[in-house]
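Each reported figure results from applying straightforward, stated rules to the coordinates on display, with no laboratory input. Bear in mind that the values here come from a model prediction, so they are computed numbers and not experimental data. All Cβ positions, even for glycine, are placed from backbone atoms using ideal geometry, and neighbour counts span all protein chains on display.
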Amino acid sequence: MAELLPLITKSLAPYLTRRVWWLAFSGGLDSHVLLHLVWRLREQAHSSSTPFPEIRAIHVDHQLQSASAAWAEQGEQQCAAYNIPFTLKVVNIKGRRRGLEGLAREARYRAFEAVLGDGDLLLLAHHLDDQAETLLLRLLRGAGVAGLAAMPTRRALGAGELYRPLLSISRAELEAYAAAQKLSWVDDPSNLDTHYRRNFLRQQVLPQLTRHWPDYRQSFGRAAALQAEAAQLLHGYISQDLASFCAEDGSLNLRKLAALPEIRQRAILRQFIINRSDLGLSSAQLGTIVEQFLCAGGDRQPQFRLAAGVLLRAYNQQLFCERSAVKASSALPGELAWDLRGELLIPGVGRLFATPNGPFMPRGPVSIRFRQGGERCRLAGHPHHRPLKKLLQAWRLPPWQREVLPLIYCDGELAAVADLAVCEGFSAPVGEEGWKIQWVPETLT
């Protein structure tokens, strides 16, 4: 059995320059072993006058057990014995029993993310047995390559990073360490409740695997690592495709996508939606999206509604992934004053700001309005006025974006159309410094 302190010393060495190490401390066996190991590392560093990150513990009380408050108090006392600051986060879990595990996990990670400062490291005590269980659960759900990578050793979380230094160590090794160090810990009785899927695997299924395949944990761990490598490789290829298929406004070129084999279409669509909305898709959803957006005629403008108010819309053979809660024209402000020197935030719509050395020269007080219908504009350098409606069509602006496009007026006269065009009479003369208008619509990203 491997010595844990040398392993953890080597594992955490790259993170010694971080300002803070947060430890997710439940008070159970796994997290207490990790806390004890990190405490020993700190003691060694202090004895040799070597700089060491600040250590803090965070405990999340899900309020799902009657003894949870007592566990939090016990955890605080244990951390005090190690002279490690203790942070308690109490969360409320609402939902059906069968979804309780997922809801608790979401609340827990939100609490973790809330405390992480810039560059902070969050240490989690997940171990090899946890990884094997995760892989098997995802396999039973029919997960793909990314899902079968199970839990990553490290990933970004909020302003910091999450790291699992015990992921290659079995629970048996942690138990042996805890016994040798005479550690005490909390045993959550809900871990014996086989109504929860993970507990059912742990109590009923995995002991049977152990009898026939005693090394299954290591095999599952290797399988997860291989899937993680494959997922990373695929992500690189798909990201290259997306970079070449996406326009500056973030929309996806459907014409280019339609020329690819279906398996590649689906992979690119899935990644496009994840990048834009952080939403995963089921195979059924993905199939429907392919049918609606790639098999439909070019003149159609299909829509597909996802979770969290996200809407897929097509226009001019470009796929847009945006929030569907765009303000109705009746809810837009009538007129907003703007001095160009500060950012103008229009809640639910976007923001306007101006920088020097641009083509726009305001003449008179500047204000922002939105389309009412009938607006006309004579573009700088053009001989005739044209209806704004026709210009927006010619610029191929999606219809739903036209209603919330800010129009810039000077002393009551239309002077510029967002950052798309400057009207005649409002261009900066040669040798004079104008303003560069920038319009950033509210988007998912």
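Values as computed for the structure displayed
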| item | result |
| --- | --- |
| Cα lying deepest toward the dipole's positive end in the range 76-123, options 91, 117, 79, charges on Cβ | 91 |
| Gyration tensor verdict on the range 379-445 (Cα atoms; rounded if a/c is under 1.5, prolate if a/b is larger than b/c, oblate otherwise) | oblate |
| Unit charges at the beta carbon, dipole of the chain: most positive-side option, 165, 367, 145 | 145 |
| Computed lengthening from residue 335 to residue 94, 0.36 nm per intervening residue step minus Cα-Cα distance | 82.5 nm |
| Among 107, 172, 284, residue whose mean-square fluctuation peaks in a GNM of the chain (springs only between Cα atoms under 10 Å) | 284 |
| The range 177-257: C-alpha gyration tensor shape, a/c 1.5 cut-off, then a/b vs b/c | prolate |
| Net charge, residue 398 excluded, C-beta distance under 13 Å - Lys, Arg +1, Asp, Glu -1 | 0 |
| Of 321, 79, 423, the one that fluctuates the most in a GNM where the chain has Cα springs shorter than 10 Å | 423 |
| Student exercise, the range 341-445 dipole from Lys, Arg, Asp, Glu Cβ charges, in Debye to nearest 20 | 400 debye |
| Cα gyration tensor category, rounded, prolate or oblate, for the range 176-222 with a/c compared to 1.5 | oblate |
| Residue-count net charge about residue 378 - beta-carbon cut-off 9 Å; Lys, Arg +1, Asp, Glu -1 | +1 |
| Kirkwood-type radius of the chain, with distances r between different C-alpha atoms, in Å | 26.4 Å |
| Label-point separation in nm, residue 176 to residue 80, each point 7 Å along Cα→Cβ | 3.5 nm |
| Stretch gain in nm, segment residue 229-residue 413, where the contour uses 0.36 nm per residue and the Cα spacing is subtracted | 60.4 nm |
| GNM flexibility winner over the chain from 23, 35, 340 (Cα, springs under 10 Å) | 340 |
| Helical segments meeting 24 Å axial Cα length and Kyte-Doolittle -1.0 threshold in the chain (DSSP H) | 29-47, 216-245 |
| Net charge dipole size for the range 92-232 [Lys, Arg +1 and Asp, Glu -1 on Cβ; Debye, nearest 20] | 560 debye |
| Modelled FRET efficiency - R0 51 Å, residue 390 with residue 283, Cβ distances, 0.05 increments | 0.75 |
| Student exercise, the chain dipole from Lys, Arg, Asp, Glu Cβ charges, in Debye to nearest 20 | 1180 debye |
| Computed helical MRE - 222 nm, the chain, DSSP H runs ≥ 4 contributing -39500 (n - 2.57), nearest 500 | -11500 deg cm²/dmol |
| Computed over the range 230-362, Kirkwood Rh from alpha-carbon pairs, angstrom | 17.1 Å |
| Net +/- balance of residues flanking residue 185 in space, Cβ distance below 12 Å, scoring K and R +1, D and E -1 | -3 |
